[in-house]
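*Asks:* Handing you this structure, nothing more for now.
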Amino acid sequence: MRVVEPPDRGGPPADPQALPEFTLADYEQAIGELRGTPLLVNIWVSWCGPCRDDARLLASAHETDGDRVRFKGVEILDEPASARALMREFGWAYPSVYDPTGAVRDGPGLIGQPSTLFYDASGQLVATWTGPLSEEVLDSGLNASANADGGTSWFRGPRRGTNGAGSSPGPRARPASS
């Protein structure tokens, strides 16, 4: 029997260092229970160079925009101690869960990491991005999640401590599921 700390509103724990183990079913349930605020989910691993590059940008975005969007991480295929070291190094103040098999990434058909998923306040996946983030990609995804209901754009760079990536097109929008 595995012990999982009580989650925050049914989702990942409030303590960023907790790293409870999550399955794909746990993740899907948590997404449903985190409705009410736009959500960014970043799938990462500590030994991945682009994931490490994204870590600084995500920490800065959470500091700037964390009052308007939830940030959650899914750490895959790694050792929890290595994951916690990265989280401390970049000062992450938002929680991640631990997926030792990569099922949370593989289940929706994503390939590689980092992968970033953007959900609107209703819990609908509105955009995905696989690969390193840039400020432009991040802002585009956050705006897609905020504007899915016709809301106002809130997110505009620049952010402190970004990864210096160049301009990129925005995340791929996914059509709404029936």
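The values are calculated or read from the model by the stated rules, or taken from the named source; none is laboratory data. On a predicted model such as this, the values are computed, not experimentally measured, just so you know. Neighbour counts run over all protein chains shown; Cβ positions are idealised from the backbone, glycine included.
*Asks:* When residues of the stretch 99-108 are filtered for being farther than 14 Å from residue 28 by Cβ and either surrounded by 22 or more Cβ atoms within 10 Å (Cβ to Cβ) or out of contact with any Asp or Glu (no Cβ under 7 Å at 6 or more places or on another chain) (or both), how many remain?
*Replies:* The number of residues fulfilling the criteria is 2.
*Asks:* Okay, moving on. Scan the stretch 47-68 and report the pairs whose first residue is part of a helix (DSSP H, G or I) and whose second residue is surrounded by 18 or more Cβ atoms within 10 Å (Cβ to Cβ) and of a type in the set (A, V, I, L, M), with Cβ atoms within less than 7 Å and a gap of 6+ or a chain change.
*Replies:* 51/45; 52/86; 54/133; 55/86; 57/133; 57/138; 61/138; 65/142
*Asks:* I'd like to verify a number: residues in the stretch 69-88 that are under 15 Å from the mean Cα position of the chain (by Cα) and either outside any helix (DSSP H, G or I) or within 20 Å of residue 121 (Cβ to Cβ) (or both), how many?
*Replies:* 8
*Asks:* Need pairs with beta-carbon distance below 7 Å; first residue in contact (Cβ under 8 Å) with a residue 60 or more places away in the chain and within the stretch 118-143, second basic (Lys, Arg) and surrounded by fewer than 23 Cβ atoms within 10 Å (Cβ to Cβ); sequence gap 6+ or separate chains.
*Replies:* Hits for this filter: 121/35; 122/35; 123/35; 135/159.
*Asks:* Output the number of residues of the stretch 121-135 satisfying the condition of being over 20 Å from residue 32 (Cα atoms) and out of contact with any Gly (no Cβ under 7 Å at 6 or more places or on another chain).
*Replies:* 3
*Asks:* Here's something else I'd like to know. Residue by residue through the stretch 14-53, note down the ones that are at pLDDT 95 or above, aromatic (Phe, Trp, Tyr) and either surrounded by fewer than 19 Cβ atoms within 10 Å (Cβ to Cβ) or under 20 Å from residue 121 (Cα atoms) (or both).
*Replies:* The one that is at pLDDT 95 or above, aromatic (Phe, Trp, Tyr) and either surrounded by fewer than 19 Cβ atoms within 10 Å (Cβ to Cβ) or under 20 Å from residue 121 (Cα atoms) (or both): 47.
*Asks:* Tell me which residues, restricted to the stretch 114-155, are assigned to a loop (DSSP other than H, G, I, E, B), more than 16 Å from residue 29 (Cα to Cα) and at pLDDT below 95.
*Replies:* Within the stretch 114-155, 148, 149, 150, 151, 152, 153, 154, 155 meet the criteria.
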